[in-house]
Amino acid sequence: MGRLSGKVAIITGGARGMGAATSRLFAAEGAKVAIADVLDDAGAALAAEIGSAARFYRLDVTSEDAWAQIVGKVEADFGPVDVLVNNAGILLFKSLLETSLEDYERVLKVNLVGEFLGIKAVAPGMVARGKGSIVNISSVDGMKGANGLAAYASSKWGVRGLTRVAAMELGHRGVRVNSVHPGGVDTIMTNHDGGSRDEVNQRFGNIPAQRVGGPEEIAAASLFLASDESSYMIGSEIVVDGGMVLGHYYAGMPGAPGAR
Ligand SMILES: NC(=O)c1ccc[n+]([C@@H]2O[C@H](COP(=O)([O-])OP(=O)(O)OC[C@H]3O[C@@H](n4cnc5c(N)ncnc54)[C@H](O)[C@@H]3O)[C@@H](O)[C@H]2O)c1
């Protein structure tokens, strides 16, 4: 028996990166997986790789109409949706004063409005059945400040607030809503020039893990929240960041890497 046997899951942004790792893991644990993304080729290739437990569905998370359609299609193909992983996201590095209104709204639309629409699309069915799990992917940037991330951090803090409200409103109706807060993860988003894992690790020398995270390490947290093992978790925030939000080392001082 897999940890998600008999469950149907929609994973947005499922075609690559963390979403792809989550799709593979959920299928390996017995779920039927709807890979929902705007990347047609990558999504179809991943569905073919996984086999009959997965299908690709084109979904732009910012479209309310597209959300209504995908839920109907997934239910017709696989049955009622038990799990939604709201994972699709985009990153923008720009100083606050250089961030245009258009930039700001574009990031919020995908990262925050997309998750809001996803909840609105799947929750009514989950409430009617009295069960369901929604996993919202936020970030450590939804827990702290960071230069260059005015739009992104706003969106990820927003996801954290949205998660708490949804968890309160839906929790007493059997639908658990929780968030996952990854730190640096080795995907195209962080590693856009395709550096080796060793090269990317260099950038994370200042955190306790001393390395970047792998997409499968974040997928493991989503798996736990999606499964019935987390049945008493409502509105929780799971931080998977190699210690990034703890603080930073004072280089060379006692207790720092390489010091005594
Ligand atoms: N990589 C990191 O270091 C990191 C850290 C913290 C949080 N996150 C978050 O994790 C999630 C996954 O990111 P990733 O690192 O795998 O990045 P990624 O760029 O590899 O994957 C993001 C996926 O989202 C999809 N997507 C983008 N806009 C979409 C839209 N409008 N509709 C549907 N799909 C859309 C992309 O096509 C892509 O497949 C994101 O929410 C991201 O903000 C990433």
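Can you tell which of Val200, Val175, Val140, Val185 is of a type in the set (A, V, I, L, M) and within 24 Å of Val81 (Cα to Cα)?
Criteria check complete, one pass: Val175.
Here is the figure for the stretch 73-102: residues that are loosely packed, with under 12 Cβ neighbours inside 10 Å and not hydrophobic (A, V, I, L, M, F, W, C) total 4. Quick one: which residue in Glu49, Glu64 is under 19 Å from Glu115 (Cα atoms) and of a type in the set (Asp, Glu)? So the residue among Glu49, Glu64 that is under 19 Å from Glu115 (Cα atoms) and of a type in the set (Asp, Glu) is Glu64.
Considering the stretch 60-85, and only residues there that are farther than 16 Å from Lys32 by Cα and within 21 Å of the chain's Cα centre (by Cα), the residue that is modelled with the lowest pLDDT turns out to be Ala68.
Given (1) outside any helix (DSSP H, G or I); (2) surrounded by fewer than 18 Cβ atoms within 10 Å (Cβ to Cβ), identify the lone condition not met by Glu105. Answer for Glu105: the failing condition is (1). Restricting the stretch 45-85 to residues that are aliphatic (A, V, I, L, M) and more than 22 Å from Ser222 (Cα to Cα), the residue that is farthest from the ligand (Cβ to nearest atom) is Ala76. Within the stretch 118-127, the set of residues being over 18 Å from Ser230 (Cβ atoms) and crowded, with 23+ Cβ neighbours inside 10 Å comprises Gly118 only.
Please tell me if Ala226 is touching a Leu at 6+ places or on another chain (Cβ under 8 Å) and more than 10 Å from the ligand (Cβ to nearest atom).
So Ala226 passes the test.
Residues in the stretch 163-176 that are within 12 Å of Ser236 (Cα to Cα) and part of a helix (DSSP H, G or I): Thr163, Arg164, Val165, Ala166, Ala167, Met168, Gly171.
The condition (being loosely packed, with under 14 Cβ neighbours inside 10 Å and outside any loop (DSSP other than H, G, I, E, B)) is satisfied by just one residue among Glu217, Glu199: Glu199.
Being under 22 Å from Asn206 (Cα atoms), modelled with pLDDT of 95 or more and assigned to a loop (DSSP other than H, G, I, E, B) is not true of Asn191.
Tell me, yes or no, whether the stretch 72-86 has at least one residue that is within 24 Å of Thr187 (Cβ to Cβ) and touching a Lys or Arg at 6+ places or on another chain (Cβ under 8 Å). Yes, the stretch 72-86 contains at least one residue that is within 24 Å of Thr187 (Cβ to Cβ) and touching a Lys or Arg at 6+ places or on another chain (Cβ under 8 Å).
When Asp186 is tested against the conditions (1) acidic (Asp, Glu); (2) within 10 Å of the ligand (Cβ to nearest atom); (3) out of contact with any helix residue (DSSP H, G or I) (no Cβ under 8 Å at 6 or more places or on another chain), the lone failure is (3).
Taking residues in the stretch 215-228 that are of a type in the set (Asp, Glu), and partners anywhere that are outside any helix (DSSP H, G or I), the pairs with Cβ atoms closer than 7 Å and at least 6 places apart or on different chains are Glu217/Val240. Within the stretch 128-140, the set of residues being more than 16 Å from the ligand (Cβ to nearest atom) and either within 18 Å of Leu4 (Cβ to Cβ) or crowded, with 16+ Cβ neighbours inside 10 Å (or both) comprises Arg129, Lys131, Gly132, Ser133. For the stretch 234-248, the count of residues that are assigned to a helix (DSSP H, G or I), within 24 Å of Leu25 (Cβ to Cβ) and in contact with an Asp or Glu (Cβ under 7 Å, 6 or more places away or on another chain) is zero.
Screening Asp193 on (1) over 14 Å from the mean Cα position of the chain (by Cα); (2) farther than 17 Å from Leu246 by Cα; (3) surrounded by 14 or more Cβ atoms within 10 Å (Cβ to Cβ) shows it passes everything except condition (3).
The values are calculated or read from the model by the stated rules, or taken from the named source; none is laboratory data. Bear in mind that the values here come from a model prediction, so they are computed numbers and not experimental data. Cβ coordinates were reconstructed from backbone atoms using ideal geometry, including for glycine residues, and neighbour counts include every protein chain displayed.
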